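In what follows, a single structure is set out as structure tokens and then discussed.
The values are calculated or read from the model by the stated rules, or taken from the named source; none is laboratory data. Since the structure is predicted, the reported quantities are computational estimates derived from the model, not experimental observations. Every residue, glycine as well, gets a Cβ built from its backbone with ideal geometry; the counts of neighbours run over all protein chains shown.
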Amino acid sequence: METIYWDHFYNHILLLNLLIVIGLLTSLRLFSGTIAHIKASDELLKKNNPAFGISLAGATLALTIMLSGTIYGSPENDAYYSILSVGFFGILGIMLMALTRLILDKVTLPLISLRDEIIKGNIAVSIVDAGNVLAAAIIIRTVMIWVTAVSVEDVMALLGGYLVSQFILTAMTRLKRKIFETVNRGSFVQTELQKNNIALALRFSGQKIGAAFAIATAAHVVVYEQYNTLPILTAWFCASLIAVLIWKILCLLAERLILWRVDMNKEVLEQKNMAVGAVQAAIYISMGLLISSL
């Protein structure tokens, strides 16, 4: 009886995929600085800018998560196909992560310049930036595993799944921002982040990452068929909305139990209590992970 599976050809394909992914990953420092129009060496080595370090660390982890979705191979694939598939989807994923940052900068938080705040050393904004790309990476990885090959239909499914997910995440974030500003009159999410409210940034990022895990659950529910892109994306959208609703209910219950009798808004907004913000972030991510494991 064989206890270890070993296929030389298949393992060579996986090794080739891994080398391509490592090559893309090593370009991250250049990619991250270029996208934000920041000279990475100056921020890391000369200024010792912790905000840029957090942003770069988040981007590194996000890129690794996203690229892990491209590394899967098939024994039927040859070396040429592996280079084409992994390289193509890897570069496309990087472009989508850059688009994610642009959406955060121009749509979700339009009053904040990510570049300017990170250069100033604003840790809160860098945490939000890191959480944003991590959320996108979780979803992109899920869709990359979901699709099956390099084809027009698969690329359309990947782009469609990404856009549907970004629409839900962006709409949810903007809605929560409006609710926050209604409940806490005189306080604004973007203003608090500009004031370097790390507690709020932790909560904000935790919500995005947790929601991304919930949305990724759609890949386990919706059956992918290569030539039925529109119906599949419609089903993805509906499944994602239901998953996010369930996630939100679980988060509310968990918050009430774990942070019993804690005025969370007061602690995060007035006291800038990072401990409470971190616990809330952990709750949001944990509930998202639990749902995505179903």
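Suppose we filter T173, T182, T142 for residues that are under 19 Å from V221 (Cα atoms) and in a helix (DSSP H, G or I); which single one remains?
Being under 19 Å from V221 (Cα atoms) and in a helix (DSSP H, G or I) holds for just one of T173, T182, T142, which is T142.
Among the listed residues K46, K120, which satisfies the condition of being modelled with pLDDT under 80, surrounded by fewer than 19 Cβ atoms within 10 Å (Cβ to Cβ) and of a type in the set (D, E, K, R)?
Values: K120 fails: modelled with pLDDT under 80.
Result of the check over K46, K120: K46.
Within segment 278-288, track down each residue that is hydrophobic (A, V, I, L, M, F, W, C) and surrounded by 16 or more Cβ atoms within 10 Å (Cβ to Cβ).
To start, the set of residues in segment 278-288 that are hydrophobic (A, V, I, L, M, F, W, C) comprises 278-279, 281-283, 285, 287.
Of everything in segment 278-288, those that are hydrophobic (A, V, I, L, M, F, W, C) and surrounded by 16 or more Cβ atoms within 10 Å (Cβ to Cβ) turn out to be V279, A281, I283, I285, M287.
Please state which of the following conditions L290 fails to meet, knowing it meets all the rest: (1) aliphatic (A, V, I, L, M); (2) farther than 25 Å from A124 by Cβ; (3) free of Cβ contacts under 8 Å to residues at least 24 places away in the same chain.
It is condition (3) that L290 fails.
Name the pairs: first residue in segment 95-118 and touching a residue at least 60 places away in the same chain (Cβ under 8 Å), second residue in a loop (DSSP other than H, G, I, E, B) and not aliphatic (A, V, I, L, M), Cβ to Cβ under 7 Å, at least 6 apart or on different chains?
As it stands, the answer is R115/H37, since those pairs meet every condition given.
Listed residues V133, V107, V125; which is modelled with pLDDT of 85 or more, part of a helix (DSSP H, G or I) and surrounded by fewer than 23 Cβ atoms within 10 Å (Cβ to Cβ)?
Criteria check complete, one pass: V107.
Only one residue in I215, I291, I246 is surrounded by 23 or more Cβ atoms within 10 Å (Cβ to Cβ) and either of a type in the set (A, V, I, L, M, F, W, C) or at pLDDT below 95 (or both), so which one is that? Full working, then the answer.
Numbers: I291 fails: surrounded by 23 or more Cβ atoms within 10 Å (Cβ to Cβ); I246 fails: surrounded by 23 or more Cβ atoms within 10 Å (Cβ to Cβ).
Checking each option against the conditions leaves just I215.
Suppose the filter is crowded, with 24+ Cβ neighbours inside 10 Å, in contact with an Asp or Glu (Cβ under 7 Å, 6 or more places away or on another chain) and either over 15 Å from T229 (Cα atoms) or not acidic (D, E) (or both); does V147 pass it?
Against the criterion (crowded, with 24+ Cβ neighbours inside 10 Å, in contact with an Asp or Glu (Cβ under 7 Å, 6 or more places away or on another chain) and either over 15 Å from T229 (Cα atoms) or not acidic (D, E) (or both)), V147 does not qualify.
Can you tell me which of (1) basic (K, R); (2) surrounded by fewer than 17 Cβ atoms within 10 Å (Cβ to Cβ); (3) under 26 Å from T142 (Cβ atoms) is the one K178 doesn't meet?
Of everything listed in (1) basic (K, R); (2) surrounded by fewer than 17 Cβ atoms within 10 Å (Cβ to Cβ); (3) under 26 Å from T142 (Cβ atoms), K178 misses just condition (3).
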